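Engineer: Let me begin by handing over the structure; questions about it come next.
No lab work stands behind these numbers, since they all come straight from the coordinates. What you see is a predicted model, and the numbers here were worked out from it, not measured in a lab. FYI the Cβ positions are ideal-geometry reconstructions off the backbone, even for glycines, and counts take in every protein chain you see.
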Amino acid sequence: MKPSSPSQNPLESHVESALGPVVEPAAAQRPSTPLYKQIAEHYRSTIASGALRPGDRMPSVRALMRQHAVSLSTALQVCRHLEREGWLEARARSGYFVRRAAAVALPTSSEPDAMQVDPAQYVGVHAGISAIINRQYQFPDALNLGGATAAPELYPAQLLKTSALRALRHAPELLTTYGSHHGNLAFRRVLARRALTAGIHVAPEDVVVTHGGIEAVNLALRAVAQPGDIVAVESPTFFGLLQILESLGMRALEIPTSPTTGLSLEALELAIETYSNIKAVVVVPNLQNPLGSIMPDAHKGQLIQLCAQHGIAVIEDDPYRELSDRATPLKAAKAWDEEGNVIYCASLNKTLAPGMRLGWMAAGRWLERVRMLKFAQSRHNEEWPQIVAADFMGSPAYDRHLARLREQLRQQRERTAAAIAAYFPSGTRLTRPDGGLLLWVELPGQIDTLVVFEQALTLGIRIAPGAMFSNSNRCARFLRISCGAPYTVELDHALRKLGQLIETLSL
């Protein structure tokens, strides 16, 4: 590569060294793809790889002419093509810059009919969910775009390792002795202290440590309901909840849920008037899975008041709250609980370390029953991971980690949304959550995402089709896309292939 001239932009030199110049092919060898699109593809890949980041200046038109030995017309076509696809934005008298949020042109996913409760669909999870999960296992090497956990490299593995080794040096008997039945006290103290930011006042002695959030929700349901009882759930909802309800012999009543404001209180009130044996409402008020919605504080208070009036337990599942981008920490719905009618369930799987499988509960007036069920079901959690988590979460390093994680996830959401805007067919809609690692995508027309799921697997891509998140057919044209992994060229190519597949199916 020839050395850059003194006047050359250092970023332009970096991009040229990363990609190599694209030059005009001989006429007899010229491919069918126009040259400007070939060059645009190189820069699109550069943006996808992170060499050019949102807000960076694109190499000037003169630099493009020089680097790729093309005419002024071709260089301008490159920039205009990338601008049309949403990758660049033009700024007056400044040139082209990598766009920060190209997906703003896509409309938000449609709102549900708030009064359309599904009275015939509360019989439990259909066998299709298990079939989808088992089908995924047949393609272990497929790129996973449907998960709900951040990539391993985004978690503080080395710092946790240091804490783990220090704990064993101080107490090697941790591996050979039983721990506390309710959880390590130091860990529970840290959890109680951090819960204050969510508006929750709980004593360390009232915290129950669990094997992740799934066990916490399982215990909560067993504490408040019996087989045959109706449990109101959000629609769409996390498919794992539907599986739990089926395994417990309970029936899920789906309540329409907005991608912007969460569970419809009007629909829930109608359901309460219609069914006399609703025992609980399971809700994710903060960054709901899969919608990413955040319930307004006023709605949280109204939800707690409504359920208390009718003697219905609220089970709040809150694994994503600390991944919010908002300047003020989100409040938990339990912050409005004055009667112990809310069982609060949380997890560290999304924020700290999925491999540690740590969750916890504040069970309100069901505390003693939850303790009994926990002892009967799984006994105590391992002491060692709790001590490690307490050590790390009790230090300033945890908040620094969360700040980095939130920023990384924000960038990954923006770049994924930008790719969806560029590659998916016209008419596509998606949510734009204020945090988290999920996008809920609505496809145009009558495309069945189960068909997309099957055909995407053959392309080496895993998605989460909408059928997993509801017992009704209302989510057939939706899919959940994960933004948990750093945006790479491989991921960008996968989203392009997925968009092309959807485009073909829409014809």
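Engineer: In square nanometres, what is one fourth of the surface area of the convex hull spanned by the alpha carbons of the stretch 180-321?
Structural biologist: Here the figure is 8.4 nm², rounded to one decimal.
Engineer: Let me ask something else about it. Over all distinct Cα pairs, what is the inverse of the mean 1/r for the stretch 360-416, reported as the Kirkwood hydrodynamic radius in Å?
Structural biologist: Mean inverse Cα-Cα distance, inverted, gives 14.5 Å.
Engineer: Tell me, which longest segment in the chain has none of the GluC sites (Glu not before Pro) that fall in DSSP loops with at most 12 further Cβ atoms within 10 Å?
Structural biologist: 1-337
Engineer: To the nearest 10 degrees, how steeply does helix 72-84 sit against the main Cα axis of the chain, on a 0 to 90 scale?
Structural biologist: 10 degrees
Engineer: Once amide H atoms are built 1.01 Å from N in the peptide plane, which residues 5 or more positions from N144, or in another chain, come under 5 Å H to H?
Structural biologist: The list, which skips near neighbours in sequence, is R462.
Engineer: Something else now. Please report, largest first and rounded to whole Å, the three semi-axes of the ellipsoid equivalent to the stretch 257-399, where each semi-axis is the square root of five times an eigenvalue of the C-alpha gyration tensor.
Structural biologist: Computed over the stretch 257-399, the values are 28, 21, 12 Å.
Engineer: Here's another thing I want to ask about it. I need the per residue convex hull volume for the stretch 156-398, using only the alpha carbons, in cubic angstrom as a whole number.
Structural biologist: 116 Å³
Engineer: Extent of the stretch 145-187 along each principal axis, from alpha carbon coordinates, in Å, largest to smallest?
Structural biologist: Here the Cα extents, ordered largest to smallest, are 41, 24, 18 Å.
Engineer: Additional query: Antiparallel DSSP bridges in the stretch 148-268: what percent, to the nearest 5?
Structural biologist: 25 percent
Engineer: Now, a different point. Compute the distribution of all C-alpha to C-alpha distances in the chain, in bins of 10 Å from 0, and list the percent of pairs in each, rounded to whole numbers.
Structural biologist: Computed distribution, short to long bins: 4, 18, 26, 24, 16, 8, 4, 1, 0.
Engineer: Here's another thing I want to ask about it. When each pair of different Cα atoms in the stretch 332-449 is counted once in the 1/r mean, what is the Kirkwood radius in angstroms, to one decimal?
Structural biologist: 18.1 Å
Engineer: Full-extension gain between S94 and H493, please, as 0.36 nm times their residue separation minus the C-alpha to C-alpha distance.
Structural biologist: Going from the current span to full extension adds 140.6 nm.
Engineer: Can you give me the distance in nm between label points at D325 and A203, each placed 7 Å from the Cα along the Cα-to-Cβ direction?
Structural biologist: About 4.1 nm separates the two model spin labels.
Engineer: For the stretch 259-302, count the residues as N, evaluate 2.2 N^0.38 Å, and divide the Cα radius of gyration by that value, please.
Structural biologist: 1.21
Engineer: For the stretch 374-507, what log10 I(q)/I(0) values come out of the Debye formula at q = 0.15 1/Å, with one point per alpha carbon and no solvent?
Structural biologist: Those come out to -0.79, one per q.
Engineer: So for the pair T177, Y137, with labels modelled 7 Å out along Cα→Cβ, what separation do we get in nm?
Structural biologist: Taking the two extended label points, one gets 3.9 nm.
Engineer: Just the number, please: percent antiparallel of the DSSP beta bridges in the stretch 156-398, rounded to the nearest 5.
Structural biologist: That works out to approximately 40 percent antiparallel.
Engineer: Among bridges DSSP assigns within the chain, what percent are antiparallel (round to 5)?
Structural biologist: About 55 percent, rounded to the nearest 5.
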